[in-house]
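Some notes on the structure that comes next.
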Amino acid sequence: MESTINFPTEAKTPEKLPVIETANLGKSYRTGFWMNQKIESLKNCNLTVYQGETFGLLGQNGAGKTTLLKTLLGIVRPTSGSAILLGQPIGDRQVKEKIGYLPENPYFYDYLTGWEFLEFVAGLFQIPASIQKQRIPELLDLVGLSKSTAIRSQLRQYSKGMLQRVGMAQALINNPELVFLDEPMSGLDPMGRYQIREIIVSLKEEGKTIFFNSHVLSDVEKICDRIAILAEGELICIGTLDEILGTNETYYYVKGKSGNLQILKQWIPDLEFENNFWHGHLQGDPQEFLVSLGLMKATLITMNIDRVSLEEYFMQQLRERGIFSSY
């Protein structure tokens with residue numbers, strides 16, 4: 001089944017200015033002893049991200065997520081197509097000053113303390129020392145690192161989760177308009193993931209645009225305005241969760257007890273029976289189902305509007321294309 005890329009019509013209103021635009025963006029590599037093998041890591045990518053959006057890019061390992069992000073940042077050059085960031089072609093130096101970036105596997109100078117590292121990054125952006133003294137403690141507090149740890153401990157003594165927090169702080173040191181985050185929840189415990197989600201929400205409230213890659217689908221589902229799924233270098237869908245998953249106003253999850261299980265299975269194909277209670281997803285007219293329950297003297301306990309989860313949709317898309325993920 002073919003999936004079309006749908007760009008929401010409401011996103012093209014004048015109030016929402018495009019911050020990221022790509023047109024047939026592609027990246028291929030030559031491999032092999034004679035460099036005669038071509039691998040297309042990114043194929044004809046067309047997407048638009050608007051000002052103030054939180055945009056999530058999903059895909060299994062090797063799908064091309066990091067390639068797309070690094071191409072947008074100008075770290076790697078595209079083989080075909082073009083892209084624009086903040087109104088300028090990718091690679092523009094002045095635009096880079098307005099961008100924050102957290103790599104998936106950042107490498108820091110191990111013998112610097114967290115505070116010294118943030119001072120170093122601030123110096124690259126030519127941020128005055130007076131502003132650094134105010135900005136660095138604010139960022140440490142934002143990402144959940146104590147000031148004393150940042151001053152005393154060298155980065156080689158930090159855990160992976162602590163390094164991820166320092167990485168988030170350095171990505172925000174220049175107060176960027178556009179923030180790129182490559183797997184920002186990587187290596188974090190549940191509390192750390194919650195804090196990163198809260199940081200992303202606060203950045204959105206400040207009017208910043210956030211573009212991030214992730215395979216933690218539950219986090220994406222909670223905080224993203226729009227998402228895209230990338231498979232084998234190709235965008236297979238893009239839109240809001242409602243556009244992709246549907247509102248499914250007639251899709252219900254029901255729970256009850258008693259009744260004829262054979263008749264119930266006709267209404268609830270995925271019927272499960274546990275501790276004298278049954279539950280599953282209703283297929284068919286809800287009113288007729290309620291009448292049927294009355295005739296078989298079954299008791300309905302709950303009936304909630306439901307829809308397929310993002311994880312289920314994601315796996316369905318991969319299966320349809322013969323791709324099996326171990327994300």
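Could you please find all residues in the range 122-162 being part of a helix (DSSP H, G or I), touching a Phe, Trp or Tyr at 6+ places or on another chain (Cβ under 7 Å) and surrounded by 14 or more Cβ atoms within 10 Å (Cβ to Cβ)? Please lay out each step first, then the result.
Of all residues in the range 122-162, those part of a helix (DSSP H, G or I) come to 122-124, 129-143, 147-152, 155-157, 160-162.
Retained after the next criterion (residues that are touching a Phe, Trp or Tyr at 6+ places or on another chain (Cβ under 7 Å)): 136, 150-151, 155-156.
Selection gives I136, A150, L155.
Quickly run through the range 290-326 and pick out the residues that are in contact with a Gly (Cβ under 6 Å, 6 or more places away or on another chain) and either surrounded by fewer than 13 Cβ atoms within 10 Å (Cβ to Cβ) or among the small types (G, A, S) (or both). Matches in the range 290-326: A298, T299, I301. Checked against the criterion of being farther than 21 Å from I136 by Cβ and at pLDDT below 90, the range 156-164 has at least one qualifying residue. Per the listing V291, V216, V254, the residue uniquely hydrophobic (A, V, I, L, M, F, W, C), on the phi < 0 side of the Ramachandran plot and touching a His at 6+ places or on another chain (Cβ under 7 Å) is V254. For first residues located in the range 75-89 and in the same structural domain as S28 (by TED's automatic domain parsing) and surrounded by 18 or more Cβ atoms within 10 Å (Cβ to Cβ), partners that are part of a loop (DSSP other than H, G, I, E, B) and among the basic types (K, R) and lie 6+ apart or on another chain with Cβ distances below 7 Å form the pairs L86/K98. At pLDDT below 95, in contact with an Asp or Glu (Cβ under 6 Å, 6 or more places away or on another chain), outside any loop (DSSP other than H, G, I, E, B) and in the same structural domain as E234 (by TED's automatic domain parsing), is that true of S41? So S41 does not fit the description; no. Here the condition is being without any contact (Cβ under 8 Å) to a residue 12 or more places away in the chain and within 24 Å of R319 (Cα to Cα); of L290, L271, it holds for L271 alone.
Sort through E116, E97, E104 and tell me the only one that's farther than 16 Å from P176 by Cα, of a type in the set (D, E, K, R) and in contact (Cβ under 8 Å) with a residue 24 or more places away in the chain.
Values: E116 fails: in contact (Cβ under 8 Å) with a residue 24 or more places away in the chain; E97 fails: farther than 16 Å from P176 by Cα.
Of E116, E97, E104, the one residue that is farther than 16 Å from P176 by Cα, of a type in the set (D, E, K, R) and in contact (Cβ under 8 Å) with a residue 24 or more places away in the chain is E104.
The values are calculated or read from the model by the stated rules, or taken from the named source; none is laboratory data. Here the structure is a predicted model, which is why all the values come from computation and not from measurement. Positions of Cβ are backbone-derived with ideal geometry, glycine not excepted, and every protein chain shown enters the neighbour counts.
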